[in-house]
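In what follows, a structure is listed as structure tokens, so that the remarks can point back to it.
Just so it is clear, none of the values below were taken in a lab; they were calculated from the coordinates. Here the structure is a predicted model, which means the values were calculated and not measured. Virtual Cβ from ideal backbone geometry, glycine too; neighbours counted across all protein chains shown.
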Amino acid sequence: MHKLAKILLFLLIIGCGADSGSKIITSSGEIDPNTGNGNNGGNGGGGDDSIPDLTVELISYYNDDTASFSTVFGSYTRSFIVHTPPNYDPNNGPLPLLFVLHGYTGEAPVIRNYSGFDSIADEENFIVVYVQGVTDVTNTTGWNVNVVATFNDVDDVGLFAALIKHFKGNYNIANDKIFSTGMSLGGFMSYRLACELDEINSIGSVTGSMAVYYNCVPPNQKSIIHFHGTSDTVVPYNGNAWSYNVENAHSFWVNYNNCQNQSEVTVPDFNGDGVYSTQLISYDCDGSREVILYTMQNEGHTWFKKEWGHDIDTSRLIWEFFKDK
């Protein structure tokens with residue numbers, strides 16, 4: 001039997017004991033209208049008892065260690081891909097959990113492919129979950145981060161609170177090792193999770209920022225790593241009417257974490273183009289937090305990979321940052 005099939009069977013057994021707040025999902029995606037699941041517009045707070053249990057259905061396998069699932073939350077059917085490291089056994093020690101979020105118009109399978117977090121999870125022994133954003137009235141995918149108005153009725157924060165509860169209850173998750181990272185609008189969403197969910201330990205953003213029209217009031221201190229190209233024309237490095245200046249976003253978390261010291265180092269010119277980027281590190285923060293900004297000189301709106309001709313490997317740097325937090 002597939003390893004993930006065993007996990008799914010375990011989830012179904014657990015699900016049989018779920019309270020009446022769980023929705024019943026059929027293979028057609030229909031739900032029982034007499035049950036509740038999801039809270040549109042909520043912030044996902046208030047403790048586990050206020051967070052709905054998810055009823056999760058297997059969609060398909062990618063391989064023995066990877067499968068896609070669906071659930072219903074609020075008014076939407078949501079899907080996500082789960083990858084567990086080889087020989088994952090929930091009876092062994094707890095593992096970190098990493099959410100990876102695609103950008104505007106993106107898809108979870110696509111960011112799974114280009115980010116390469118599956119192989120890193122296999123090496124470093126953590127669980128990675130690629131969550132799919134909803135599709136709006138324009139048939140475009142994205143997240144509710146106070147940037148794209150067509151997603152404003154989607155309770156994405158509530159979904160992630162429910163997903164965290166689901167993974168904590170049905171996998172063996174290290175409660176203090178829950179992370180999120182994302183590309184572009186997925187980076188904005190990761191920032192929003194840092195601003196609202198205390199269980200998010202740290203976040204990473206690649207070409208995303210914080211939304212100008214969103215008031216961030218974090219529940220606790222977080223470590224932040226951010227990568228941004230100075231020539232990004234989609235989410236400008238210097239900000240615009242709806243997006244924070246990247247350095248101002250860095251300063252927000254430096255101040256919130258009460259960081260006392262800063263240093264800036266030059267990123268090695270791996271691709272040999274004579275252009276040097278920088279890494280700004282803010283440290284000596286409360287709770288041993290760190291805030292790091294990679295300013296990628298002359299780079300645009302992209303996920304940075306050495307095999308694509310960049311000076312850094314974003315995914316590996318993100319995990320190296322997270323693993324000691």
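Here are some notes:
- Per-region count, the range 241-290, residues of a type outside the set (Gly, Ala, Ser), surrounded by fewer than 16 Cβ atoms within 10 Å (Cβ to Cβ), over 26 Å from residue 311 (Cβ atoms) and out of contact with any Lys or Arg (no Cβ under 9 Å at 6 or more places or on another chain): 4
- Hits in the range 239-289 - residues which are in contact with a His (Cβ under 6 Å, 6 or more places away or on another chain) and of a type in the set (Gly, Ala, Ser): none
- Residues (in contact (Cβ under 8 Å) with a residue 60 or more places away in the chain and among the β-branched types (Val, Ile, Thr)) located in the range 255-309: 291, 292, 295, 302
Matching residues to (1) free of Cβ contacts under 8 Å to residues at least 12 places away in the same chain; (2) within 20 Å of residue 192 (Cα to Cα); (3) among the small types (Gly, Ala, Ser); (4) in contact with a strand residue (DSSP E or B) (Cβ under 8 Å, 6 or more places away or on another chain):
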residue	(1), (2), (3), (4)
75	no, no, yes, no
78	no, yes, no, yes
92	no, no, no, no
103	no, yes, yes, yes
117	no, no, no, yes
129	no, yes, no, yes
134	no, yes, no, yes
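- The range 227-240, residues that are part of a loop (DSSP other than H, G, I, E, B) and surrounded by 12 or more Cβ atoms within 10 Å (Cβ to Cβ): 230, 231, 232, 234, 235, 236, 237, 238, 239
- Test: residue in the range 256-275 that is touching a Gly at 6+ places or on another chain (Cβ under 8 Å) and under 26 Å from residue 97 (Cα atoms): yes
- Taken together, 150, 181, 207 contain a single residue that is in contact with a Gly (Cβ under 9 Å, 6 or more places away or on another chain) and on the phi > 0 side of the Ramachandran plot, which is 207.
- Selection from the range 293-325 of residues that are under 26 Å from residue 201 (Cβ atoms) and in a helix (DSSP H, G or I): 314, 315, 316, 317, 318, 319, 320, 321, 322, 323
- Count of residues meeting criterion [among the small types (Gly, Ala, Ser), loosely packed, with under 15 Cβ neighbours inside 10 Å and outside any loop (DSSP other than H, G, I, E, B)] in the range 48-79: 2
- Positions within the range 183-213 being part of a loop (DSSP other than H, G, I, E, B) and closer than 24 Å to residue 109 by Cβ, in sequence order: 184, 200, 207, 208
- Scanning the range 269-292 for residues that are part of a helix (DSSP H, G or I) and not polar (S, T, N, Q) yields 286, 287.
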